[in-house]
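One structure is given below, encoded as structure tokens.
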Amino acid sequence: MDSLSELAAGADRLIDPQRLWSTIMEIARIGAIPGGGSCRLSLSDEDRQARDLFASWCREAGCDVRVDPYGNMFAVRAGKGAGQPSILIGSHLDTQPHGGRFDGVLGVLAGLEIVRTLNDRGIVTERPVVVVNWTNEEGVRFKPGLTGSAGFAGYLDPAAVTGSDGEDFFAELRRTGYAGTAREGFDVLAYYELHIEQGPVLERADAAVGVVEGIQGVRWYKVSLAGRDAHAGTTPMDSRKDSFMAAAAIALDLRATALKHDPDLRFTVGKVTVEPNSVNTVPGHAELLIDLRHGDDRVLDRFEDIIAAAVKRGAAREGVDCAFTRTMTVPPVTFDPAMQERLVEAALQVGVVPERLPSGAMHDASNMARIAPTAMVFVQSRDGISHNPAEWSSPAHVATACEVLARAVLSHACES
Ligand code: HGY
Ligand code: MN
Ligand code: MN
């Protein structure tokens, strides 16, 4: 094998861009939806098919595939020395209901491409390289999101994992055959994640690749409002306990406040449930699921108090009862400076100047940064679109980002 620097300097490409692209397009056929997107909700049959396919590819590449009690998949490519701390490269194969072909998938399959590249070039690294598929990053079927990486990092109360429609997370792991036993307590030297930016920054900067500085904090809340089911035709307007109207007033009140509160605050009501959900019954129960984000925990704390007060005020105005709970907490994280520089170095080696930026989206790297040195590389998203079938990154940008990651991982994994 060439020396690493000869290898890196000599080849203008280490990875096989066509192989990477066709791997992404092949897995996109599982759970394909109109508009070119994917729907593979966590631990659905589609997710299981994608997991099975990923595992078969990893075994073909000579990896030992292990599964932990949260369904996280670890494809281990051994290094020279036994028991050495590992370099992990990961992301997630589960998608949003109207997801794209790249969110999460790109990071997992870029890890596989790096393993394949190491094999092609007969490189034996000093330490193991492990490709990870984390369970339920998106948090659609089960709450909280980032379930698998939170479990691995030790920040998850298993009893607190709830199914959006009453499913049991651990029963679904067993049903799909991904209730692992191996407690993969890898001694993690470093964690890398390649991900689409999912926003407009790289495109506006005309940059193919970004080196990420950190991730803003994310909190999810559940607001429940309990009024009284009533007949839509006979109940006078002034004697209703309409839980939906209370919910709508609270949501609009908070949106108005958020717009004035802080330009970097992100406030979203992403899910509304109304019961009995019948056109001719005044709803007796409504539920709002709120996603709140900011880079500073103190701002999140302050706005959490504002939400609590607005819920009480809105419920009282409508004469309904209310409950307000935080269901997920992901603190803001900053990424390892040395690993960021390693990624910048790798980018310059392949002739691109990376943009430096924070991440607006949460990632499994949010949890991994709490237990090990972590860094992320972004690839440009067309029109900044994601969580949408129209999500797109060009083959050239995908190849460049994976090449950058490959060179950073290679240099890190070969360091004695
Ligand atoms: O919610 C997020 O930020 C991620 O895309 N799941
Ligand atoms: Mn993602
Ligand atoms: Mn996502």
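Computed from the coordinates by the stated procedures, all read-outs in this text should not be read as laboratory data. Since we're looking at a predicted model, the values are computed, not measured. All Cβ positions, even for glycine, are placed from backbone atoms using ideal geometry, and neighbour counts span all protein chains on display.
Details
- Only Lys, Arg (+1) and Asp, Glu (-1) charged, at Cβ; the chain dipole about Cα centre in debye: 580 debye
- In this simple spin-label approximation, residue 183 and residue 385 carry label points 7 Å from Cα along the Cα→Cβ vector, and these lie 4.6 nm apart.
- Taking amide H as placed 1.01 Å from N in the peptide plane, residue 70 has its amide H under 5 Å from the amide H of 180, each at least 5 places away in sequence or on another chain.
- Residue-span extension gain [residue 296 to residue 348] - 0.36 nm each, minus C-alpha spacing: 15.6 nm
- Our helix-only sum for the chain, with -39,500 (n - 2.57) per DSSP H run of n ≥ 4 divided by its residues, gives a mean residue ellipticity at 222 nm of -11000 deg cm²/dmol.
- Couplings for the stretch 209-221, taken from phi via the Karplus curve 6.51 cos²θ - 1.76 cosθ + 1.60 with θ = phi - 60°, read 10, x, 9, 8, 7, x, 10, 5, x, 10, 10, 10, 10 Hz in order; Gly and Pro are left as x.
- Efficiency of FRET from Cβ geometry, residue 119 and residue 52, R₀ 25 Å, rounded to 0.05: 0.75
- For the pair residue 309 and residue 164, label points projected 7 Å from Cα toward Cβ lie 3.3 nm apart.
- Simple label model, 7 Å out from Cα along Cβ direction - residue 260 to residue 341, nm: 4.6 nm
- When the listed pairs 241/271; 222/260; 241/312; 222/271; 143/222 are checked against a 18 Å cut-off, the alpha-carbon distance exceeds it for 241/271; 222/260.
- Cβ-defined net charge surrounding residue 245, 15 Å radius [Lys, Arg +1; Asp, Glu -1]: -3
- Fully extending the segment from residue 317 to residue 356 would add 9.4 nm, taking 0.36 nm per residue of separation and subtracting the current Cα-Cα distance.
- Between 0 and 90°, nearest 10: helix 297-318 axis offset from the chain longest Cα axis: 30 degrees
- Distance from the alpha carbon centroid of the stretch 155-180 to that of the stretch 198-248 works out to 25 angstrom.
- Taking other C-beta atoms within 10 angstrom as a stand-in for reagent exposure, 29, 40 fall in the order 29, 40, fewest first.
- Peptides ranked, highest mean first, by Cβ atoms within 10 Å: ranges 365-378, 204-217: 365-378, 204-217
- Among 245, 151, 88 the positive-end extreme of the charge dipole of the chain (Cβ point charges): 245
- Taking 0.36 nm per residue of sequence separation and removing the Cα-Cα distance, the residue 82/residue 175 pair yields an extension gain of 30.1 nm.
- Highest to lowest packing among 397-404, 17-24, 268-275, scored as the average C-beta count within 10 Å: 397-404, 17-24, 268-275
- Contact order, relative form, for the chain: 23 percent (alpha carbon pairs under 8 Å, 6 or more residues apart, mean separation divided by residue count).
- Cysteines of the chain lacking any other cysteine Cβ under 4.7 Å from their own Cβ: 39, 322, 402, 414.
- Computed about its Cα centre, the charge dipole of the stretch 217-330 is approximately 40 debye, with only Lys, Arg, Asp and Glu carrying charge at their Cβ.
- Fewest-first ranking of 254, 43, using other Cβ atoms within 10 Å as the exposure measure: 254, 43
- Given R0 = 51 Å, the distance between the Cβ atoms of residue 394 and residue 279 translates into a calculated FRET efficiency of 0.65.
- Between 0 and 90 degrees, the angle of helix 17-27 with respect to the longest Cα principal axis of the chain falls at about 40 degrees.
- Once you reduce the stretch 335-390 and the stretch 401-416 to the center of their Cα atoms, the two points are 14 Å from each other.
- Antiparallel content of DSSP bridges confined to the chain, in %, to 5: 70 percent
- Hz values of 3J(HN,Hα) by residue in the stretch 358-366 - Karplus curve (6.51, -1.76, 1.60), Gly and Pro given as x: x, 9, x, 8, 8, 8, 4, 4, 4
- Quotient of C-alpha Rg and 2.2 N^0.38 Å, computed over the chain: 1.05
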